[in-house]
1. Name the one entry in 138, 163 that is surrounded by fewer than 18 Cβ atoms within 10 Å (Cβ to Cβ) and closer than 21 Å to residue 205 by Cβ.
2. Please work out which one of (1) outside any helix (DSSP H, G or I); (2) crowded, with 17+ Cβ neighbours inside 10 Å; (3) more than 17 Å from the chain's Cα centre (by Cα) is the condition residue 96 fails and give its number.
3. For the range 1-19, what are the residues that are part of a loop (DSSP other than H, G, I, E, B) and out of contact with any Pro (no Cβ under 9 Å at 6 or more places or on another chain)?
4. Taking into account only those residues within the range 1-31 that are modelled with pLDDT under 95 and aliphatic (A, V, I, L, M), which is farthest from the chain's Cα centre (by Cα)?
5. When the range 182-216 is examined, which residues are found to be part of a strand (DSSP E or B) and out of contact with any helix residue (DSSP H, G or I) (no Cβ under 6 Å at 6 or more places or on another chain)?
6. Taking the stated definitions as given, is residue 129 closer than 26 Å to residue 202 by Cβ, touching a strand residue (DSSP E or B) at 6+ places or on another chain (Cβ under 8 Å), touching a residue at least 12 places away in the same chain (Cβ under 8 Å) and among the small types (Gly, Ala, Ser)?
7. Quick one: in the range 49-75, which of the residues that are basic (Lys, Arg) and closer than 24 Å to residue 199 by Cβ is surrounded by the fewest Cβ atoms within 10 Å (Cβ to Cβ)?
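The values are calculated or read from the model by the stated rules, or taken from the named source; none is laboratory data. On a predicted model such as this, the values are computed, not experimentally measured, just so you know. FYI the Cβ positions are ideal-geometry reconstructions off the backbone, even for glycines, and counts take in every protein chain you see.
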Amino acid sequence: MTPALAVVIVNFRSADLILDALASLYRESPGLALEVIVVDNASGDEGRLRITSVFPGVKWIDMGYNAGFARANNAGIRAAAARDLLLLNPDTIILDRAVERTYARFADSSYVACGVQLLNPDGSPQISGNYFMKGGLNHLLPLPYLGGLLRWVGYRAGAKVPNVRQAKAVEEVQWISGAFLMVKREAIDRAGLMDEDFFLYAEEVEWCSRLGRVGKLCIFGDEHVIHLQGETIQSKGYQGIFTRKDFQLMLSNHLRVRKQFGAGWFLFLLLGYTLGVPVYFAGSFLQRLFTLRNPVGEWPLAWQFARNVGRLWGFAPLILRGRPHFYKVL
């Protein structure tokens, strides 16, 4: 009998988390025939032995290299025999039969993709669904000083908040967190797989933009899954402008804007980041001067940001050409 739902989990040195995730998945899905696929991104540890010895029914795929999120999930989707797919993060814990209940509702609906209300470990809500902001302008918000100004202008202008922290029972959205993303096979056949130019970050956003052309997406806000946000990457969180991980995020966000909104919006976003560099230097100097602190005390961080923006400019010709390229910098 062909399983109804394939659960694809990407592994990169996350065996402990996956063992907990699978224990909760099987425990909370007693009435659902599952096909579980773990795709390994060259973890180089004993994760396969540890996981398959506890859960022998798991199908294991070795990528042979660190393929990132999109390529690894695509490998799992291609290998799945089940009718529909669930992309599930390793750092998740299923609550109250959430997968089983969500799939029953989803399969009987006209939605092409859905998510659930993600929770922090303390039970507080986590952003699970989102709306697109034209041109990806929300990516300017992490910029020091300039981002704060844009946020203030947006609030004054009555701009719609681009995310849903606490979803209603059924909340229609435009893109869904990749931590729990359930998709119908027929929608994938029409929209295509994830874009394999992406290594990490923004790939599910771009994918949802294509799925949204096929049908509607939603969050089932009364179904809950704990998400230990960021536990499987270098550090927690999905915003930043200073570190190597932050550069991967910045690069992927700019790539997504180019693919979804076009070259003009990509250049606009890149110019916004470029303007953010002198604004950060000048703003931090003046703020610290007026508060009687070392006026250049924040400049080392500003230099890190400037270096990342310089690296973005280095990738700009390649992104503008739009040819296939694996944008992996981690």
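1. 163
2. (2)
3. 1, 2, 3, 4, 13
4. 1
5. 183, 184, listed by residue number.
6. It is true that residue 129 is closer than 26 Å to residue 202 by Cβ, touching a strand residue (DSSP E or B) at 6+ places or on another chain (Cβ under 8 Å), touching a residue at least 12 places away in the same chain (Cβ under 8 Å) and among the small types (Gly, Ala, Ser).
7. That would be 59.
Here's the yes/no breakdown for (1) hydrophobic (A, V, I, L, M, F, W, C); (2) at negative phi; (3) in the same structural domain as residue 190 (by TED's automatic domain parsing):
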residue: 107; (1), (2), (3): yes, yes, yes
residue: 123; (1), (2), (3): no, no, yes
residue: 133; (1), (2), (3): yes, yes, no
residue: 137; (1), (2), (3): yes, yes, no
residue: 151; (1), (2), (3): no, yes, no
residue: 156; (1), (2), (3): no, yes, no
